[in-house]
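Below: one structure in structure tokens.
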Amino acid sequence: MANQLYQQARKYTALALAAPPEQRGEALAKAKNALSSAYANTTPAEQQQLSEMQQQLDQLS
């Protein structure tokens, strides 16, 4: 069974990266919240991917 929190984090990160500038703030907040929620419930490999997603989001803000 796939980790739903991890999948949500991936989804919201992708949406934030694609969001137009006027919607980026809200999208970033949702993505960062999803990443935070997912981190504690993931495998080390998934945690590495979540860290990479966080770095991508940090570059947008």
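Only the coordinates and a few stated rules stand behind these numbers; no lab work does. Quick caveat, the model's predicted, so the values are computed rather than measured. Quick reminder, even Gly has a Cβ in these numbers, built from the backbone with ideal geometry, and neighbours come from all protein chains shown.
Provide the gained length on full extension for the span Glu26 to Gln48, in nm with one decimal, where the gain is 0.36 nm per separating residue minus the Cα-Cα distance.
Values: separation 22, 0.36 × 22 = 7.92 nm, distance 2.42 nm.
Roughly 5.5 nm would be gained on extension.
Just to check, using Stokes-Einstein with a Kirkwood Rh over alpha carbon pairs, what's the diffusion coefficient of the chain at 10 °C and 1.306 mPa s in µm²/s?
Once the numbers are plugged in, D ends up at 140 µm²/s.
Once every DSSP H run of n ≥ 4 in the chain is given -39500 (n - 2.57) and the sum is divided by its residues, what mean residue ellipticity at 222 nm do you get, rounded to the nearest 500 deg cm²/dmol?
Mean residue ellipticity at 222 nm (helix-derived): -26000 deg cm²/dmol.
With +1 on each Lys and Arg Cβ and -1 on each Asp and Glu Cβ, and nothing else charged, work out how big the dipole of the chain is about its Cα centre, in Debye to the nearest 20.
I would put it at about 120 debye.
Relative to the present Cα-Cα distance, how much length would full extension add between Tyr39 and Lys11 at 0.36 nm per residue of separation?
Full extension of this stretch gives 8.6 nm more.
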